[in-house]
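Student: The structure is given below, and queries will be raised subsequently.
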Amino acid sequence: MPYSEKVIDHFENPRNIGSLDRGNESVGTGIVGAPECGDVMRLQIQVDENNRIVDAKFKTFGCGSAIASSSLATEWIKGKTVDEALEIKNVEIARELALPPVKIHCSVLAEDAIRAAIADYKRKQGRSDKPESAGQSDSA
Amino acid sequence: MPDSHDKPVPLKCTSCQRPMDSPVCCQDCHTLYPVGTSEDHFKLFGLPRRYALDLDDLHQRFLSISRNIHPDFFGAQAAEMQALSLRLSAQVNEAYATLKDPVLRAEYLLESTGGKSSAKDKSVPGELLAEVMLMREAIEDARAAADSETLAARRAEIEARQAATLEKVAALCGRLDEQSENVQTELRQHLNAMRYLGNLLATL
């Protein structure tokens with residue numbers, strides 16, 4: 001099955017490719033992967049004091065669908081609040097890009113990356129909902 | 001996975017009464033045995049279920065069995081026997097391909113003792129994903145700069161990492177009979193790491 005035009009567009013002109021400063025307290029970094037295909041995806045968000053995602057960057061080593069899924073994910077989360085970004089579901093990404101069934105896992109990876117980046121940001125802010133991580137449970 | 005065909009290995013050929021090396025066929029009178037399609041890969045070769053194995057010995061066993069079950073030898077026989085020889089050959093080929101590869105062998109041991117597949121458990125040891133990401137970027141930069149020295153160093157680094165990971169895989173496979181979930185999870189993580197490292201090496 002050939003790639004859809006939208007996948008090719010994101011693959012050839014990826015939006016928001018690059019990186020943000022991992023050390024910055026307002027930056028959340030999510031790195032996820034799919035061992036079956038060996039793809040690795042990094043998605044970073046910069047969040048302002050109103051919990052709004054003001055910038056997003058990604059870097060993906062993987063197939064065209066994985067690159068397009070993460071590129072689209074950064075486009076969609078920019079301008080959203082952290083909570084709104086958490087609402088994005090992989091099926092919406094898959095539908096927008098018209099991914100074939102064998103490539104659905106690429107959109108899952110992009111959703112996982114958004115969640116991982118937000119979890120990292122929240123951890124940094126000491127508002128993690130996972131008390132076992134990094135011993136910040138008492139400030140939750 | 002045990003199934004209804006999970007009967008003990010016939011030690012004696014029921015046709016010529018001689019001892020058999022493999023449950024698949026008699027090496028003396030060439031009688032074929034319809035072992036189950038999910039028969040244990042190790043059992044097919046008359047080997048114990050164990051990670052450590054002698055690859056030359058496995059190869060010899062594979063050749064010997066293949067000589068007895070190859071479809072070419074059953075061309076003049078009943079259609080039923082032709083079909084059986086074809087099915088057994090495919091099964092033995094697949095078992096051989098799995099067992100000769102250390103990663104696939106460990107995957108097989110893990111999943112056939114109830115461990116999760118990589119699709120079900122994507123976790124990796126420590127910060128491996130972040131390290132793989134950095135290595136990918138370093139490789140990308142080195143390639144853009146046509147820096148063959150750095151690329152060679154990276155290759156050596158990844159190969160050393162693979163060798164170290166494989167040692168852990170071997171040690172954990174030896175502990176699978178403890179039926180500990182921790183051992184299974186740790187093995188899954190190191191096998192997932194092998195996938196990423198293998199993929200990384202393929203880019204070099």
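The values are calculated or read from the model by the stated rules, or taken from the named source; none is laboratory data. Bear in mind that the values here come from a model prediction, so they are computed numbers and not experimental data. Note that each Cβ is placed from the backbone with ideal geometry, even for glycine, and that neighbours are counted across all protein chains shown.
Student: If a residue has to be in contact with a Ser or Thr (Cβ under 8 Å, 6 or more places away or on another chain) and at the interface with another protein chain (Cβ under 10 Å from one of its Cβ atoms) to count, how many in the range B:131-155 make the cut?
Tutor: Selection size over the range B:131-155: 2.
Student: Further, regarding this structure: Taking the range B:140-188 only, how many residues are acidic (Asp, Glu) and under 20 Å from B:THR203 (Cβ atoms)? So that I can check it myself, show each step before the final result.
Tutor: Taking the range B:140-188 and keeping what is acidic (Asp, Glu), we get B:140-141, B:147, B:149, B:157, B:159, B:167, B:177-178, B:181, B:186.
In the following step, the residues that additionally are under 20 Å from B:THR203 (Cβ atoms) were identified as B:140-141, B:147, B:149, B:157, B:159.
Residues flagged as acidic (Asp, Glu) and under 20 Å from B:THR203 (Cβ atoms) within the range B:140-188 amount to 6.
Student: If you don't mind, another one. Kindly provide the set of residues from the range A:54-66 that are within 13 Å of another protein chain (Cβ to nearest Cβ) and assigned to a helix (DSSP H, G or I), ordered by number.
Tutor: Across the range A:54-66, the qualifying residue is only A:ALA66.
Student: Can you report the number of residues in the range A:11-41 which are under 17 Å from A:HIS105 (Cβ atoms), in contact (Cβ under 8 Å) with a residue 40 or more places away in the chain and surrounded by 20 or more Cβ atoms within 10 Å (Cβ to Cβ)?
Tutor: So the answer is 7.
Student: Pick from the range B:106-130 the residues that are over 28 Å from A:ALA116 (Cα atoms) and small (Gly, Ala, Ser): which of them is nearest to the other protein chains (Cβ to nearest Cβ)?
Tutor: The residue in question is B:ALA106.
Student: Filtering the range B:160-204 down to residues that are among the basic types (Lys, Arg) and away from chain A (no Cβ under 14 Å), which residue is surrounded by the fewest Cβ atoms within 10 Å (Cβ to Cβ)? If you could, list the steps in order and put the result at the bottom.
Tutor: Narrowing the range B:160-204 to residues among the basic types (Lys, Arg): B:161, B:168, B:175, B:188, B:195.
So of that shortlist, the ones also away from chain A (no Cβ under 14 Å) come out as B:161, B:168, B:175.
Details: B:ARG161: 20, B:LYS168: 17, B:ARG175: 14.
Among residues in the range B:160-204 that are among the basic types (Lys, Arg) and away from chain A (no Cβ under 14 Å), the one surrounded by the fewest Cβ atoms within 10 Å (Cβ to Cβ) is B:ARG175.
Student: In this structure, is A:ILE53 crowded, with 18+ Cβ neighbours inside 10 Å and among the hydrophobic types (A, V, I, L, M, F, W, C)? Spell out how you get there, then give the answer.
Tutor: Details: crowded, with 18+ Cβ neighbours inside 10 Å: yes; among the hydrophobic types (A, V, I, L, M, F, W, C): yes.
Against the criterion (crowded, with 18+ Cβ neighbours inside 10 Å and among the hydrophobic types (A, V, I, L, M, F, W, C)), A:ILE53 qualifies.
Student: Scanning the range B:64-80 for residues that are at pLDDT 90 or above and surrounded by 12 or more Cβ atoms within 10 Å (Cβ to Cβ), which turns out farthest from B:CYS26 (Cα to Cα)?
Tutor: Among residues in the range B:64-80 that are at pLDDT 90 or above and surrounded by 12 or more Cβ atoms within 10 Å (Cβ to Cβ), the one farthest from B:CYS26 (Cα to Cα) is B:PRO71.
Student: Taking the range A:10-21 as the region of interest, how many residues are outside any loop (DSSP other than H, G, I, E, B) and within 14 Å of another protein chain (Cβ to nearest Cβ)?
Tutor: Kept after step one, since they are outside any loop (DSSP other than H, G, I, E, B), are these residues of the range A:10-21: A:10-12, A:17.
After this cut, where a residue has to be within 14 Å of another protein chain (Cβ to nearest Cβ) as well, the list is A:17.
Of the residues in that region, 1 qualify.
Student: With respect to B:ASP72, is the statement that it is over 17 Å from the mean Cα position of the chain (by Cα) and within 14 Å of chain A (Cβ to nearest Cβ) true?
Tutor: Numbers: over 17 Å from the mean Cα position of the chain (by Cα): yes; within 14 Å of chain A (Cβ to nearest Cβ): no.
No, not satisfied.
Student: Then there's this: What are the residues in the range A:22-53 that are within 11 Å of chain B (Cβ to nearest Cβ) and part of a loop (DSSP other than H, G, I, E, B), if any?
Tutor: Passing the criteria: A:ARG22, A:PRO35, A:GLU36, A:CYS37, A:GLY38.
Student: Any chance the range A:77-84 includes a residue that's modelled with pLDDT of 90 or more, assigned to a helix (DSSP H, G or I) and either within 14 Å of another protein chain (Cβ to nearest Cβ) or crowded, with 19+ Cβ neighbours inside 10 Å (or both)? Steps first, please.
Tutor: Applying the first criterion (modelled with pLDDT of 90 or more) to the range A:77-84 yields A:77-84.
Within this subset, residues satisfying the condition of being assigned to a helix (DSSP H, G or I) are A:77, A:82-84.
From what is left, the residues that are either within 14 Å of another protein chain (Cβ to nearest Cβ) or crowded, with 19+ Cβ neighbours inside 10 Å (or both) are A:77, A:82.
Yes: the range A:77-84 contains one or more residues that are modelled with pLDDT of 90 or more, assigned to a helix (DSSP H, G or I) and either within 14 Å of another protein chain (Cβ to nearest Cβ) or crowded, with 19+ Cβ neighbours inside 10 Å (or both).
Student: Under 24 Å from B:ILE158 (Cα atoms) and within 13 Å of chain A (Cβ to nearest Cβ): is that true of B:ASP101 in this structure? I'd like the intermediate steps shown before the answer.
Tutor: Values: under 24 Å from B:ILE158 (Cα atoms): yes; within 13 Å of chain A (Cβ to nearest Cβ): no.
No; evaluated as a whole, the condition is false for this residue.
Student: Let me ask something additional. Here are some conditions: (1) over 17 Å from B:ARG49 (Cα atoms); (2) surrounded by 13 or more Cβ atoms within 10 Å (Cβ to Cβ). B:GLY126 meets all but one. Which one does it not meet?
Tutor: Of (1) over 17 Å from B:ARG49 (Cα atoms); (2) surrounded by 13 or more Cβ atoms within 10 Å (Cβ to Cβ), only one is false for B:GLY126: (2).
Student: Considering the range B:170-204 alone, what residues qualify as being in contact with a Pro (Cβ under 7 Å, 6 or more places away or on another chain) and closer than 27 Å to B:PRO48 by Cα? Outline the logic, then answer.
Tutor: So in the range B:170-204, the residues in contact with a Pro (Cβ under 7 Å, 6 or more places away or on another chain) come out as B:189-190, B:192-193, B:195-196.
Residues satisfying the conditions are B:GLN189, B:HIS190, B:ASN192, B:ALA193, B:ARG195.
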